[in-house]
Every structure is written in C-alpha cells, then in structure tokens.
Amino acid sequence: MKSNTPVLLSIAVAVIGAIIVVLLPDLNGSLLFAAGALISGFAIQYANTSKCSSSTSSAAEADFVTTTLYVGNLPYRANEMAIRTLFSEHGKVISVRLMKDKHTGKRRGFGFVEMPESDAANAIQALNEQEFQERSLKVREANERTPREESAE
C-alpha cells in the first residue's frame, strides 16, 4: 500500500505558505520558497526511502508464479471473504473475484481465486467436488480469456 504522507506534506506546505503570504505580505517570497523547497525535498527523500523498503518486500512476493483458479457452483450468498477464508486453508490467496450480473448486480455463482502456483494444486485437490454451504464446488485451473468478436448489428 502506498503512503500518501509526502503528498499530504507538500499540500500542507503549500497551504501554509499561501496563508503566510496573505497574512504577512512583508516577508520575502524567496525565503518562503526556500523553506517550501527544503520541506518538499524532505518529503521526496522520505518517499524514495519508503518506496525502497516496500519494493524489496513486494519484489520477494513477485518472485513466485501465480495461478488463477475457476470456482464454480458457488452459493449465491457466498461473499469474497468467505471464499478467501475457505481457500486460505490450502495456501496463500492473492485475490478473489466473484462475478456479478452487470444488469442486476446479483452474483452469478462462479468466480476466480488467484494463488501461488504451488498452493493452487493443493486447493484444487482439496476443494474440487467438496461441499460448501450446501453446494458442491467445481474448482479447476481457469482458462485464458479469449477475446470476443464484435457482433455486426
């Protein structure tokens, strides 16, 4: 998750500088500019150091290959958290997407779970044909989505 601290700090400096210029017009503008640049420079340096520390941890996470699983025959009342909890018992869950009808907003009874490749095989073996909220789940590796052709009307 990205930090908004440098942005907020820069905005605060700009607002405070504008207030000071309005309230104390006798102050030298270049002095204010120098103070703002100093604080902004600190904010940029802070942002760069925080990016370095977070990028090393995300780089380690990006080293593994992920697999997207198709999960079918889901109960319509199941939500993303319930599915995440279920699959978390068999490995790390990166993302959960449950498909909804674009017109009604109701769940369509299937979705996708993204997991590391090593955990995906375990999840398929453990959860395929297993009962979940009175439904027998269908779990398999998802197929690549093929682009749809435009229909001529």
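The values are calculated or read from the model by the stated rules, or taken from the named source; none is laboratory data. Predicted, not measured: the structure shown is a model, and the values here were computed from it. With ideal geometry, Cβ positions are generated from the backbone for all residues, glycine too; neighbour counts draw on all protein chains shown.
In table form, for the structure just shown:
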| item | result |
| --- | --- |
| Residue identified as more than 19 Å from the chain's Cα centre (by Cα) and either of a type in the set (A, V, I, L, M, F, W, C) or at pLDDT 95 or above (or both) among 46, 70 | 70 |
| Where residue 108 falls short, out of the listed (1) free of Cβ contacts under 8 Å to residues at least 40 places away in the same chain; (2) surrounded by 15 or more Cβ atoms within 10 Å (Cβ to Cβ); (3) in contact with a Lys or Arg (Cβ under 8 Å, 6 or more places away or on another chain); (4) part of a strand (DSSP E or B) | (2) |
| Residues being assigned to a strand (DSSP E or B) and buried (at least 16 other Cβ atoms within 10 Å of the Cβ) - total across the range 117-134 | 1 |
| In the range 79-104, the residues that are part of a helix (DSSP H, G or I) and under 14 Å from residue 123 (Cα atoms) | 83, 84, 85, 86, 87, 88 |
